[in-house]
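*Asks:* This structure is in structure tokens; I'll ask about it shortly.
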Amino acid sequence: MGTAAVFTIGELAKRTGLPVKTIRFYSDEGLLPPTDRTDSGYRLYDATAMARLELVRTLRELGLGLADVERALTREATIGDLAVQHVAALDEQIRRLELRRAVLRAVAKRDSPLEEVELMNKLASMSDEDRKRLLDQFWADMVEGLELDPEFYERMRSAKPELPDDPTPEQLEAWIEFAELVQDDEFRASIRRMSEWHSKLRKEDGADFGQKQQQLWMAWSQKASEALEAGIAPDSPEGRELAETIFTESSRNGQDPADPAWRKRLTDGMAISSDPRAERYWLLLGKINGWPSFPSQMPQAEWIIAALRAALA
């Protein structure tokens, strides 16, 4: 043995704070070769070995595997190269953890059964292409065999969920809820009824039905907003006046706006088109894609439907 200061594994453990078992393991794996040995065969380490051990500990605390630590120590790879690789691995690990957190948050909020937990986990792990295919199939099912405004429904289909590479927990939770919504049988049946209603009106009123109806609805909704702000009830004279305006402005091709059967059909159709889950669809899609939020239009829609029903009574 030389005259330079050397340490046993036990002494090295005291100086570094690492367990003897860990130091022995690193030594056995070739990451910390002994500087010398005693006559009895016990391993000894000098100050250089101690510095090497500190480096091994640092690299391990940063998450590098034993193989990468060895590559760094033998200069097969620079620390910078390994850091780049490890950052990429950590980014992927963080992404997976955030997905898992989003699923667990949703489970905690809803106290989901085991089967639903499995489904939510699959939804959270879907690729961008899988998400787009899911939505394409949804809209294909909603419009199959119907005569609809092609531009309007193309806009519906073209709005796809685009999760960023580093989504927020809120975006992930919104995606899970959105994916469950478009696969929900009741929601699908509701949107299908809505599409059938629009198809029927388009056949009856012509190809420009959708644009005209949208313009009229904006005017009616504005009046409903004013009534809500003023605390006016749907069954008030003002509500009945708006209802009569809607019946009149919606009648075309010689339709009698006073016909009770037609008034009921129009009211039922507007109720079909005012499913709050349809608005929820767009709110969730906006949250996923980072679009600006918009105020809910459901209070106005519900007020209008109530006013129409009051007029029917």
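Where a number appears in this text, it was derived from the coordinates with a stated rule and is not lab data. Please read all numbers here as calculations on a predicted model, not as lab measurements. Neighbour counts run over all protein chains shown; Cβ positions are idealised from the backbone, glycine included.
*Asks:* Using only Cα atoms, tell me the angle between helix 298-312 and the longest principal axis of the chain; keep it within 0 to 90° and round to the nearest 10.
*Replies:* The helix 298-312 is inclined about 20 degrees to the chain.
*Asks:* What FRET efficiency would be calculated for the residue pair T245, K109, taking the C-beta separation as r and a Förster radius of 41 Å, to the nearest 0.05?
*Replies:* Taking R0 as 41 Å, the efficiency between T245 and K109 is 0.45.
*Asks:* Given springs between every Cα pair under 10 Å in a Gaussian network model of the chain, which of D91, D39, D256 has the largest fluctuation?
*Replies:* For the chain, modelled as a Gaussian network with Cα springs under 10 Å, the answer is D39.
*Asks:* Let me ask another. Using only C-alpha positions, report the orientation-averaged shadow area of the convex hull of the chain, nm², one decimal. Present the calculation step by step, with values, prior to reporting the outcome.
*Replies:* Values: hull surface 101.8 nm².
Taking a quarter of the hull surface, the average projection is 25.5 nm².
*Asks:* Only Cα pairs within less than 10 Å get springs; with that Gaussian network setup on the chain, which residue of I191, I272, I23 has the largest fluctuation?
*Replies:* In the Gaussian network model the winner is I23.
*Asks:* If you don't mind, there's one more thing I want to ask. Given points 7 Å out from each Cα along the Cα-Cβ axis, report the E92 to L312 separation in nanometres with one decimal.
*Replies:* Distance between label points: 5.7 nm.
*Asks:* Let me ask something additional. Place a point 7 Å from the Cα of R188 along the Cα-to-Cβ direction; which residues of the range 124-150 have their backbone N under 17 Å from it?
*Replies:* Residues passing the 17 Å test: 131-146.
*Asks:* To make sure I understand the rule: partners must be lysines, Cα under 17 Å from the Cα of K160, and not fewer than 8 residues away in the same chain. Which ones qualify?
*Replies:* Hits, sequence-local ones excluded: K132, K287.
*Asks:* Want the number for E162 to R60: 0.36 nm per residue separation, take away the alpha-carbon distance, what's left?
*Replies:* 33.1 nm
*Asks:* Then there is this: How far, in degrees from 0 to 90, does helix 185-205 lean away from the longest principal axis of the Cα atoms of the chain, to the nearest 10?
*Replies:* Relative to the chain, helix 185-205 is tipped by roughly 40 degrees.
*Asks:* Just report the Cα centroid separation between the range 239-313 and the range 42-85, whole Å.
*Replies:* One Cα centre to the other: 68 Å.
*Asks:* Then there's this: With labels modelled as points extended 7 Å from the Cα through the Cβ direction, what inter-label distance (nm, one decimal) is found for R15 paired with A83?
*Replies:* According to this spin-label approximation, the distance is 2.7 nm.
*Asks:* Rounded to the nearest 500, what is the 222 nm mean residue ellipticity of the chain from helices alone, with -39500 (n - 2.57) per DSSP H run of 4+ residues and division by all residues?
*Replies:* -23000 deg cm²/dmol
*Asks:* Shifting gears a bit: Does a label point 7 Å from the Cα of S40, set along Cα-to-beta-carbon, have any residues of the range 14-30 with amide nitrogen under 17 Å, and which are they?
*Replies:* Nothing falls inside the zone, counting backbone N under 17 Å.
*Asks:* On full extension of the chain, what length is gained from F152 through K212, given 0.36 nm per residue of separation minus the C-alpha to C-alpha distance?
*Replies:* Numbers: separation 60, 0.36 × 60 = 21.60 nm, distance 1.26 nm.
Net length gain for the segment: 20.3 nm.
*Asks:* Another question, then. Between E302, E196, E76, where does the largest GNM mean-square fluctuation fall for the chain, given springs only between Cα atoms within less than 10 Å?
*Replies:* E76
*Asks:* Taking the Cα centre of the chain as the origin, how large is its charge dipole in debye, to the nearest 20, when only Lys and Arg (+1) and Asp and Glu (-1) carry charge on their Cβ atoms?
*Replies:* 840
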